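Only one structure is covered here, and it is reproduced in the block below.
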């Protein structure tokens, strides 16, 4: 597609209907595990014994899960679409502020090297806070007209509430953390009753935030609910745009002419569905293997370690993929030509280190 014109770039402009179908696929990806939770909770409450939780327990579980759902939806529909893929992947490193804070406050003097662990916790919290401060400032300097960048702090803060339960201990010397630790202990007996309702509530909250978020991006709000058009084939404009060149590089005659060539192509109707099925299947595999690793008590090496590697490995693969795409726009022919991650052109890593962090 770009033979003989390496300094040209191609930009696909997706219609609103194409954005809507991907929004719905993201919604379906979210509700699949929630429906699984609801089904299991209902089955356990109907066919086995259950215990009704305290009102305070329901309130705090409902609050934390609601905040987590709102934050996740804000990230997916408002924050990440305005970032390139490398920044978006790196931003997901900052969604552990509440776990870090609760984990630090749950430490007791009975632990070995507790002072060193607290210092490491403080360092981790400081790194997490970069997502609250540094990222909005960097993005605002590049695009002062975008109000969505100021949603980064609340989005990642709310999202971090999702893992509160793993980082509270009833032995903590801090009253609120001790109270949450007791809730965690009681949830062993009341979890199924709670999540029989909380899982459905999370689906409703996510759907509401999705609709409101897409309303800020679409010209016609009713497009969100026009599923027949959204799941059909759409016309997509692909524009060939000359890239900016350095003064030492002599462009060819075609790039000197300030013309843009636009071609209309058709979208692949099944592409969003295939991506949805891949995501659900891979997420299910991760859940199964993670659960198995924890059951046989090898979670330290076979669960926690791979989880820590997901972001660095993902960023490395994305940088490689973006570089290959920059060198040859016809790379990755298995992916439809109009679909790819939002990548910077050129040396992505050096540009990030010099311009974003410099």
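Here are a few things to note about the model shown:
- Test: residue 62 is farther than 27 Å from residue 326 by Cα, in a helix (DSSP H, G or I) and over 22 Å from the mean Cα position of the chain (by Cα): no
- Any hit, the stretch 303-319, residues being outside any loop (DSSP other than H, G, I, E, B), at pLDDT below 85 and surrounded by fewer than 11 Cβ atoms within 10 Å (Cβ to Cβ): no
- Elements of type helices (runs of 4 or more DSSP H) contained in the stretch 129-237, each with 2 or more residues being more than 30 Å from residue 270 (Cβ to Cβ) and under 22 Å from the mean Cα position of the chain (by Cα): 152-159, 175-215
- Only listed residue being over 20 Å from residue 228 (Cα atoms) and either in contact with a strand residue (DSSP E or B) (Cβ under 6 Å, 6 or more places away or on another chain) or assigned to a loop (DSSP other than H, G, I, E, B) (or both), chosen from 53, 33: 53
- Residue, surrounded by the fewest Cβ atoms within 10 Å (Cβ to Cβ), within the stretch 190-220, restricted to residues that are farther than 22 Å from residue 71 by Cα and modelled with pLDDT under 90: 219
- Every test in (1) in contact with a helix residue (DSSP H, G or I) (Cβ under 7 Å, 6 or more places away or on another chain); (2) touching a residue at least 24 places away in the same chain (Cβ under 8 Å); (3) closer than 27 Å to residue 199 by Cα is passed by residue 90 save one, and that test is (3).
- Qualifying residue in the stretch 66-75 (condition: in contact (Cβ under 8 Å) with a residue 60 or more places away in the chain, surrounded by fewer than 20 Cβ atoms within 10 Å (Cβ to Cβ) and closer than 16 Å to residue 209 by Cβ): yes
- Residue check for residue 79: assigned to a helix (DSSP H, G or I), buried (at least 20 other Cβ atoms within 10 Å of the Cβ) and either modelled with pLDDT under 95 or touching a strand residue (DSSP E or B) at 6+ places or on another chain (Cβ under 8 Å) (or both): yes
- Some residue of the stretch 53-62 being at pLDDT 95 or above and crowded, with 20+ Cβ neighbours inside 10 Å: yes
- For the stretch 198-219, the criterion of being out of contact with any helix residue (DSSP H, G or I) (no Cβ under 9 Å at 6 or more places or on another chain) and touching a residue at least 40 places away in the same chain (Cβ under 8 Å) is satisfied by no residue at all.
- Among residues of the stretch 331-347, those that are at negative phi, over 21 Å from the mean Cα position of the chain (by Cα) and either at pLDDT below 75 or surrounded by 11 or more Cβ atoms within 10 Å (Cβ to Cβ) (or both), counted: 6
The values are calculated or read from the model by the stated rules, or taken from the named source; none is laboratory data. It should be emphasised that the depicted structure is a prediction, and the values quoted were computed from it without experimental measurement. Here the Cβ is made from the backbone with ideal geometry for all residues, glycine too, and neighbour counts use every protein chain on show.
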